[in-house]
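I have placed the structure first, in the form of structure tokens, so that the comments after it can refer back to it.
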Amino acid sequence: MRNEEGVCLVTGGAGARIGHGVSTMVAARGLHVVIGDTDGGATQQLATRLRASGHRADAVDLDVCDPDSIERALSEIRGRIGTVRSLVNSAGTGLELPAADVSTPQFDRIMAVNVRGSWLCARAVLPGMIDAGGGSIVNIGSVHKAGASQGYSAYAASKAALVGLTRGIACDYGRQFVRCNIVHPGAVVSPEQLAEDYRTGATPSHRRFLAERQMMPRPVTPADIGKVVGFLLSDDALSMTGSEVWADAGTSAMLFDHRSPEWSMEAGAAAT
Ligand SMILES: NC(=O)c1ccc[n+]([C@@H]2O[C@H](COP(=O)([O-])OP(=O)(O)OC[C@H]3O[C@@H](n4cnc5c(N)ncnc54)[C@H](O)[C@@H]3O)[C@@H](O)[C@H]2O)c1
């Protein structure tokens, strides 16, 4: 499939961080991007902005938890725009609570959006991709799949499950030339957040903490993630399927940073 062929559906595409980055970069690569999100206002706004920049972009109402909503969105896309040949499952939700404090509805919600929603959307677009001779799906995972972090058990479980889904789809449909890969972003900082840091001259401590866990002292931006996703969707990545791609400035590959000022053998010994 050539880059400019077909339609690319980006779920959660109105999201201020990764959704924006992916929708913008995919449109810039020449695909017709359809932004699907529960946030109708933001979805329309982004599509209008992309069209004003000369890109092909549309918006649809989409709730990835609801099979009827997905079917409605897809029949609108098929009727008005064309066959979905690329899908980016970016709709996601998070939660920061110790495992024993997570309620059953909270756990179910994370799984419903992050895992079931990605599966439902893939299931809905796969027949069209197969009929058209192939396609590409990119799921958005997380660096939380690489290692544990306090309060993220439910979120990490959902992203680990998404890796299984990614490999399963890649395996089931490789013979029909449908590729499926997963990108694990690190801590993504939006241009607005960066501008605020510059304006106030202070980086919030949680962001400084995250940055210190990167090999490279550079924020991972929504555009960075969009470029990696755009590459995976394109023919430049024809040999890639079932792959996990880390877009995290090295966080997942780093065990320790011995230069960290917080690291102190004396403090550790004193605590025992
Ligand atoms: N921001 C980060 O640092 C980061 C890091 C790693 C992974 N991720 C993952 O990237 C993806 C996007 O995250 P983000 O931080 O940019 O989030 P965001 O909150 O900016 O955007 C998420 C979007 O998903 C939409 N959404 C939520 N539930 C939906 C549903 N049921 N149906 C359709 N749309 C729905 C929201 O309306 C929102 O626009 C998520 O899967 C998240 O887990 C984010």
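Some notes on this structure:
- Complete set of residues in region 159-173 that are closer than 21 Å to Ala148 by Cβ, free of Cβ contacts under 8 Å to residues at least 40 places away in the same chain and surrounded by 14 or more Cβ atoms within 10 Å (Cβ to Cβ): Ala160
- Condition broken by Leu31, with the remaining ones in (1) in contact with a Cys (Cβ under 9 Å, 6 or more places away or on another chain); (2) within 12 Å of the ligand (Cβ to nearest atom); (3) not hydroxyl-bearing (Ser, Thr, Tyr) satisfied: (2)
- Test: residue in region 181-188 that is crowded, with 22+ Cβ neighbours inside 10 Å, touching an Asp or Glu at 6+ places or on another chain (Cβ under 6 Å) and assigned to a helix (DSSP H, G or I): no
- Options Val138, Val183, Val178; residue that is closer than 24 Å to Leu31 by Cβ, away from the ligand (no atom under 13 Å from the Cβ), aliphatic (A, V, I, L, M) and touching a helix residue (DSSP H, G or I) at 6+ places or on another chain (Cβ under 8 Å): Val178
- Candidate set: region 56-102, residues that are outside any loop (DSSP other than H, G, I, E, B) and among the β-branched types (Val, Ile, Thr); chosen: the one farthest from Gly6 (Cα to Cα): Ile70
- Count of residues meeting criterion [within 14 Å of the ligand (Cβ to nearest atom) and closer than 19 Å to Val138 by Cα] in region 34-58: 4
- The single condition from (1) touching a helix residue (DSSP H, G or I) at 6+ places or on another chain (Cβ under 9 Å); (2) of a type in the set (Val, Ile, Thr); (3) surrounded by fewer than 17 Cβ atoms within 10 Å (Cβ to Cβ) that Thr104 fails is (1).
- Test: residue in region 72-84 that is surrounded by fewer than 19 Cβ atoms within 10 Å (Cβ to Cβ) and within 16 Å of the ligand (Cβ to nearest atom): yes
- Qualifying residue in region 190-210 (condition: in contact with a Ser or Thr (Cβ under 6 Å, 6 or more places away or on another chain) and surrounded by 18 or more Cβ atoms within 10 Å (Cβ to Cβ)): no
- Filter result for Gly13 (farther than 14 Å from Ser86 by Cα, in contact with a strand residue (DSSP E or B) (Cβ under 7 Å, 6 or more places away or on another chain) and not in a strand (DSSP E or B)): no
- Scanning region 174-222 for residues that are touching a residue at least 24 places away in the same chain (Cβ under 8 Å) and more than 25 Å from Tyr155 (Cβ to Cβ) returns Gly174, Gln176, Phe177, Val178, Arg179.
No lab work stands behind these numbers, since they all come straight from the coordinates. Quick caveat: nothing in here was measured; it's all calculated off a predicted structure. For neighbour counting, all protein chains shown are included, and Cβ atoms are generated from backbone atoms with ideal geometry for every residue, glycine included.
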